[in-house]
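What follows is a set of notes on a single structure, which appears directly below.
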Amino acid sequence: MASRQKSSLLGAIALIAFCLIAFFGQWIVSPTMISNEQVAIWFFDVGQGDAILIQSGSEQILIDGGPSDLILEKLSSVMPFWDRTIELVISTHPHADHLTGLNAVLDRYEVLEVWRPDQPYESDCARNFLDSATVSIVSSPTCEIIGPSRSLCILWPKESFNGASLEDENDGSLVLLFRDGENEILLTGDTGEEEEVMLAKDLVDVDVLKVGHHGSLQSTSSDFLQKIQPEIAVISVGENSYGHPSQMVLDRLISSGAEVLRTDIQKDIRLLSNGVSLEMASFDF
């Protein structure tokens, strides 16, 4: 009797061990797995909106969340299932196609820090965001060191809006420059040509440009592209009635020599940085 009980116990232990190995192993061999020496910059396909994740090891920075809670599926596809913490969430501006998904993220994850620009958030979506988060207002250029060779800098706005309402809230979008070693990724939110002119004064070549305002004709001027000379241009865009991306903007990007990537075509785009080079891969989560 004791022998049969021991045999049954060992069998149960073996079965549990097999299930655990299969469960953990499926994630360990996942093509989204990266080493601690690498940084993944994800441009998620969330439809007509922006959602960008900077991921290194067990730490994440989420920049905008798209127009729905689809961002939760994207995060669960690339983050370890046991990681329920996001170190930093950034809302570039209060439009729903960038902000809505952040409310879902704040409900689902523990978020350690939240940044937003210094302008009013008047919509229901925006008020929900403010009610559910302890938010730090970013009102002038600043840089955060987030690793030995990594930094995240706010380039725009140049000065505080002092809580004033803007005629176009896109003009107050936070513009970010992420550096990993020699690689520079410029994330422009929905800024327009006038802001680009002022930004260009302080910029040199960048490796990657997140194209402003989903490829709108009001962004990504030829002069701006000539100044920053991106090697890769990523357009976050979905089905829309606005004509995004503009064919003129696409022509400008191609003429500048940039490789154009689009979330409505390549789907979920990952740029993998080792501090020197960038490797592109696309997924469809």
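Residues of the chain: accessible area per residue at 1.4 Å, in Å²?
47 Å²
Run the helix sum for the chain: -39,500 (n - 2.57) per DSSP H stretch of 4+ residues, divided by residue count, reported at 222 nm to the nearest 500 deg cm²/dmol.
Helices in the chain give a 222 nm mean residue ellipticity of -9000 deg cm²/dmol.
Go through 75, 170, 247 and say which Cα lies farthest out towards the positive end of the charge dipole of the chain; charges sit on Cβ, +1 for Lys and Arg, -1 for Asp and Glu.
Value: 75.
Using DSSP to call loops (not H, G, I, E or B), can you name the GluC sites (Glu not before Pro) in the stretch 120-169 whose Cβ has at most 11 other Cβ atoms within 10 angstrom?
Loop-located and lightly packed - 122, 159, 167.
Computing the accessible area with a 1.4 Å probe over protein heavy atoms, can you report the carbon and sulfur percentage for the stretch 161-266?
45 percent
What is the magnitude of the charge dipole of the stretch 71-140 about its Cα centre, with +1 placed on the Cβ of each Lys and Arg, -1 on the Cβ of each Asp and Glu, and no other charges, expressed in debye to the nearest 20?
Dipole of the stretch 71-140, to the nearest 20 debye: 80 debye.
For residue 227, go through the lysines and keep the ones whose alpha-carbon is under 24 Å away, minus same-chain ones fewer than eight residues off.
Counting by Cα, and skipping residues close in sequence, residue 227 has these lysines nearby: 158, 201, 210.
Calculate the dipole size of the chain relative to its Cα centre from +1 charges on Lys and Arg beta carbons and -1 charges on Asp and Glu beta carbons; express the result in debye to the nearest 20.
1440 debye
Against the empirical 2.2 N^0.38 Å scaling, what ratio does the C-alpha Rg of the chain come to?
1.11
If you count only protein heavy atoms and use a 1.4 Å probe, how large is the accessible surface of residue 74, to the nearest 10 Å²?
10 Å²
Return the whole-Å distance between the Cα centroid of the stretch 126-151 and the Cα centroid of the stretch 80-104.
Between the Cα centre of the stretch 126-151 and that of the stretch 80-104, the gap is 11 Å.
As I understand it, the value is the acute angle between the Cα axis of helix 2-28 and the longest principal axis of the Cα atoms of the chain; what does it come to in degrees, rounded to 10?
Tilt of helix 2-28: around 10 degrees.
The values are calculated or read from the model by the stated rules, or taken from the named source; none is laboratory data. Just so it is clear, the model here is predicted, and its values are computed rather than measured. Because the Cβ atoms are built from the backbone with ideal geometry, glycine has one as well, and the counts that use them run over all protein chains shown. Ligands, DNA and RNA are excluded from the accessible area calculation, which covers all protein heavy atoms including side chains. Shrake-Rupley method; radii C 1.70, N 1.55, O 1.52, S 1.80 Å.
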